[in-house]
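For reference, the structure discussed in these notes is given below.
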Amino acid sequence: MRASINGVQMAYTDEGIGAPVLLVHGFPLDRTMWDDQLRALSSRYRVIAPDLRGHGESETAQGPYSMDLFADDLRALLDDLGLDQVILCGLSMGGYVAFAFYRMYKERVRALALADTRPQPDTPRAAEGRETMAQLAEREGQTPIAQRLLPLLLSDDTLQGRPSVVERVQGMITRCSVPGIAGDLRALASRPDSTLTLERITCPTLLLVGEEDAITPPSDSEMMADLLPDVRLSIIPSAGHLPNMENPDTFNFSFLSFLESL
Ligand code: MLT
């Protein structure tokens, strides 16, 4: 499906009937990363999964991007769909977008599911690395980005034993527009500190993280769990930074148990 959102054509999937669940993908991926969750959840929930601007089948919009801009695009999509409140799930960069959304539109969040994400901003060194990578994408396109990211995103088990997951992730990165990749990287580098936001979250929250996540390790989620008043933490075995794809059965089981508890 498509909608004109803040002047950009946004592609999204909207399946099922029930309490609405909005799924926000990570960098530099797209809504197809949620295919296994759409299958598992849409018999009981209304599942909405957009491609953020510059990603997947959404229009390529030139930057600059920011977490606030992505969050405002999601707010405009919910307005377009006539939805007041959602259960908001974001993975990694999608989690940073969820923090921004919560800061801006807290009353529209029924519950949060934060997967493989963290509240702290980039260090100056990490931000420099993002800029180097943005320039690499602008010079050489998506392929060297996919080569660098795949070993960071996926666990060894996945890299060696789940070729279809490796292919899906590679396909998403190579389909992502170059302005999307570079725009994300600069937005990631300048994202704000969300530690104080965590202290203000009052809704039920599920934290999910791959046991072998090399980018946002379980210790980040454990630290978040200590700060949240109403929280569950699920560490997903045999998975890296994308546990929803690497171990979908365990991820979906935890997600569905959380949804049913609401
Ligand atoms: C993501 O998966 O969205 C990114 O890895 C986030 C990050 O690098 O901080």
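Provide a single number: the residues in region 193-207 that are in contact with a Lys or Arg (Cβ under 9 Å, 6 or more places away or on another chain) and open to solvent by less than 60 Å² (accessible area, probe 1.4 Å). Before you say what the answer is, go through the steps one by one.
Going residue by residue through region 193-207, those that are in contact with a Lys or Arg (Cβ under 9 Å, 6 or more places away or on another chain) are 194, 197, 200-207.
This time we only want the ones that are open to solvent by less than 60 Å² (accessible area, probe 1.4 Å), so: 194, 197, 201, 203-207.
Residues meeting the conditions: 8.
Wholly within region 1-106, which helices (runs of 4 or more DSSP H) include no fewer than the required count, namely at least 1 residues that are more than 14 Å from the ligand (Cβ to nearest atom), touching a residue at least 12 places away in the same chain (Cβ under 8 Å) and within 20 Å of Cys203 (Cα to Cα)? Explain how you work it out, then say what you get.
Working: elements: 35-41, 67-81, 93-105.
Per the criteria, 67-81, 93-105.
In this structure, does Leu152 turn out to be open to solvent by 10 Å² or more (accessible area, probe 1.4 Å) and either within 11 Å of the ligand (Cβ to nearest atom) or closer than 26 Å to Ala239 by Cα (or both)?
Taking the combined requirement at face value, the residue satisfies it.
Restricted to region 107-149, and to residues that are part of a loop (DSSP other than H, G, I, E, B) and at negative phi, which residue is farthest from the ligand (Cβ to nearest atom)? Quick ask: steps written out before the conclusion?
Filtering region 107-149 down to residues part of a loop (DSSP other than H, G, I, E, B) leaves 116-123, 141-142.
Then keep just the ones that are at negative phi; that gives 117-123, 142.
Values: Thr117: 8, Arg118: 7, Pro119: 11, Gln120: 10, Pro121: 10, Asp122: 7, Thr123: 11, Gln142: 15 Å.
Among those that are part of a loop (DSSP other than H, G, I, E, B) and at negative phi, it is Gln142.
The values are calculated or read from the model by the stated rules, or taken from the named source; none is laboratory data. Since the model is a prediction, treat every value here as computed from it, not as a measurement. All Cβ positions, glycine included, derive from the backbone under ideal geometry; neighbour counts span all protein chains shown. These accessible areas exclude ligands, DNA and RNA; they are computed on the full protein's heavy atoms, side chains included. Shrake-Rupley method; radii C 1.70, N 1.55, O 1.52, S 1.80 Å.
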